[in-house]
1. Output the residues belonging to the range 255-300 that are in a helix (DSSP H, G or I) and either among the acidic types (Asp, Glu) or modelled with pLDDT under 95 (or both).
2. Condition first: polar (S, T, N, Q) and over 13 Å from the mean Cα position of the chain (by Cα). Now tell me which residues in the range 188-218 satisfy that.
3. As an exercise: evaluate GLU224 against (1) part of a helix (DSSP H, G or I); (2) free of Cβ contacts under 8 Å to residues at least 12 places away in the same chain and give the number of the one condition it does not meet.
4. I'm told GLY94 meets every condition in (1) at negative phi; (2) at pLDDT 85 or above except one. Can you identify the failing condition by its number?
5. Does ILE284 satisfy the condition of being surrounded by 14 or more Cβ atoms within 10 Å (Cβ to Cβ) and away from the ligand (no atom under 16 Å from the Cβ)?
6. Could you run through the range 1-46 and say how many residues are among the β-branched types (Val, Ile, Thr), part of a loop (DSSP other than H, G, I, E, B) and closer than 24 Å to ILE130 by Cβ?
7. Return yes or no: is GLU306 of a type in the set (Asp, Glu), out of contact with any His (no Cβ under 9 Å at 6 or more places or on another chain) and surrounded by fewer than 15 Cβ atoms within 10 Å (Cβ to Cβ)?
8. So how many residues does the range 236-281 have that are among the hydrophobic types (A, V, I, L, M, F, W, C), buried (at least 23 other Cβ atoms within 10 Å of the Cβ) and either farther than 24 Å from GLU306 by Cβ or within 14 Å of the ligand (Cβ to nearest atom) (or both)?
Amino acid sequence: MQPKLSVNIGKIKLKNPVTVASGTFGYAEEFGDFINLKELGAIVTKTITLKPRQGNPPPRTCETPAGMLNSIGLENPGLEAFIREKLPLLKKIGVPIIVSISSEDDAQEFTVLARRLDKIKEVAAIELNISCPNIKLASKPVSQLASLSTGTPAHRHTGKLISQDPNSTYALVKAVRKVTQKTIITKLSPNVTDITEIAMAAQNAGSDAVSLINTLTAISIDIETRKPKIAMVTAGLSGPAIRPVAVRMVWEAYQKIKIPIIGMGGIIDISSALEFIIAGATAISVGTANFINPKVSVEIIEGLKEYLIKNKIKDIRTLIGSLKI
Ligand SMILES: Cc1cc2nc3c(=O)[nH]c(=O)nc-3n(C[C@H](O)[C@H](O)[C@H](O)COP(=O)(O)O)c2cc1C
């Protein structure tokens, strides 16, 4: 008998727990030549903003031991061009489409984006990227949102990421919750002391799930020129190098929150995907590995089936958080 692979994230049902991480799969069209996109559990789009963005100046990426640095700076065509040019193909695929949204410097934009996407039937869920380490949000809008939506004391956002502060996270998620019925997934930054308090803030404000983790802030230096390898100096580290940190954060969050976790960070094969599920992730996302092997996500789906059959597990959900200590 075929094992059951389906899982629920908020209101959406994924036929299997394998998704692709925002920013590493474009808007899916780039990958259609390599894999049957219909096989994926869900597709998370590259983060979009209200207005088009050119992103950061080059160099924007470099390789590091067991990973890479990126400082793309949310290059994207903007909301309306996304709806006009990218969404039609995504709609045709027939798997849940999770649209990742963010803002350069205005937290209010999250609500504008969410309100517009709420009206589009084929958008299954909205992922709030409040953790992009290459973008800093200004102070004013978050404090406005805080007092506006929650009654939480107005919080001045001093150049930190929204997801580096529980009050800001709460205020932003709460504000978006008010304007959309769609499943909300909040993507958190690992660049914090205690991931669980941020995950709890997202949950308490009405997020249906959290995505863990975005990239770790890092620097790489060219010793000949003594210049940073990335134009913006700091950048986000991803790939297998960050996996043990990501698994630890998923495990910590799993013990504190009730909403599902989408785990990511250095997943490159079936064994690394399973680590996340055993630690507590309901679903997983493949990121950097897509650049090395564009077929890796579907290979992981196959591998999951084989693992479940081999271990006589009928339903993948029994594996979630099954870590034995
Ligand atoms: C080139 C690149 C671009 C990324 N762009 C985004 C993005 O637009 N939005 C986002 O939420 N995360 C973005 N990420 C972070 C990934 O979605 C993921 O959280 C992170 O890379 C960890 O997973 P991985 O190690 O499997 O890549 C990006 C990562 C990379 C490598």
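1. Within the range 255-300, GLU275, GLU299 meet the criteria.
2. ASN191, THR193, THR196, GLN203, ASN204, SER207, THR217, listed by residue number.
3. Here GLU224 clears every test but (1).
4. Failed condition: (1).
5. no
6. 2
7. yes
8. The total comes to 14.
The values are calculated or read from the model by the stated rules, or taken from the named source; none is laboratory data. Just so it is clear, the model here is predicted, and its values are computed rather than measured. As a convention, Cβ positions derive from the backbone with ideal geometry for all residues, glycine included, and neighbour counts pool all protein chains shown.
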